[in-house]
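Since the structure comes first, as structure tokens, the remarks are kept for the end.
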């Protein structure tokens, strides 16, 4: 696993890039065991602060749970994902790529609201149980405009599987969002509120990438 932060434009200009190589840590693929989580937290805390973080494949999307740990003020999470990542905890409550958002909602008192955009309509049921703290925009409702909470900053997390395969290839089943619609929604967020940070996952990995390229 590798987490990368490339140069990005911020208010003060470009910030330096940094590669945080975590491939030596065991117990991280899809599920993050407690020892691995502790080491990842240590390395993230010791690394530089970057506005945009690239966190490799969707297998490691749970890293959003760790990168938001430093936020100590009320905020909204805006998640672009074909899956809600709100499966009930399994394997003794270990942090996972399929349930990290549920964990975040249960544990982070600073998280005021999660807005999930582009999920498969068949998975909406997974988002139930948190009342107004969770708002959902399925891939069938992408033309509907969202009202961003006034006065609260946003943290944006993007899994590229929200996009149609025409615009990206990922390890997981994908949605139907166009690149233009994604950019339009991002622009509306930046116009409406301040943004604390962005992370992006959804890279193809190993044998999955080879299989998809062969099938193409």
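Coordinate-derived values only; no laboratory data. Because the structure is a prediction, the values reported are computed rather than measured. In this analysis, Cβ positions are derived from the backbone assuming ideal geometry, glycine residues included, and neighbour counts consider all displayed protein chains.
Filter the range 149-171 for residues that are over 14 Å from residue 80 (Cα atoms) and surrounded by fewer than 18 Cβ atoms within 10 Å (Cβ to Cβ) and give the result.
Answer for the range 149-171, where residues must be over 14 Å from residue 80 (Cα atoms) and surrounded by fewer than 18 Cβ atoms within 10 Å (Cβ to Cβ): 149, 150, 151, 152, 153, 165, 166, 167.
Mind checking which pairs have a first residue in the range 101-126 that is in contact (Cβ under 8 Å) with a residue 60 or more places away in the chain and on the phi < 0 side of the Ramachandran plot and a second that is crowded, with 16+ Cβ neighbours inside 10 Å and part of a helix (DSSP H, G or I), Cβ under 8 Å, 6 or more apart or different chains?
Pairs that qualify, where the first residue is in contact (Cβ under 8 Å) with a residue 60 or more places away in the chain and on the phi < 0 side of the Ramachandran plot and the partner is crowded, with 16+ Cβ neighbours inside 10 Å and part of a helix (DSSP H, G or I), are 117/162; 117/185.
Just for the range 60-98: of the residues that are buried (at least 23 other Cβ atoms within 10 Å of the Cβ) and out of contact with any strand residue (DSSP E or B) (no Cβ under 7 Å at 6 or more places or on another chain), which one is farthest from residue 185 (Cα to Cα)?
97
Taking the stated definitions as given, is residue 65 part of a helix (DSSP H, G or I) and under 16 Å from the mean Cα position of the chain (by Cα)? Write out each step before concluding.
Working: part of a helix (DSSP H, G or I): yes; under 16 Å from the mean Cα position of the chain (by Cα): yes.
Yes, satisfied.
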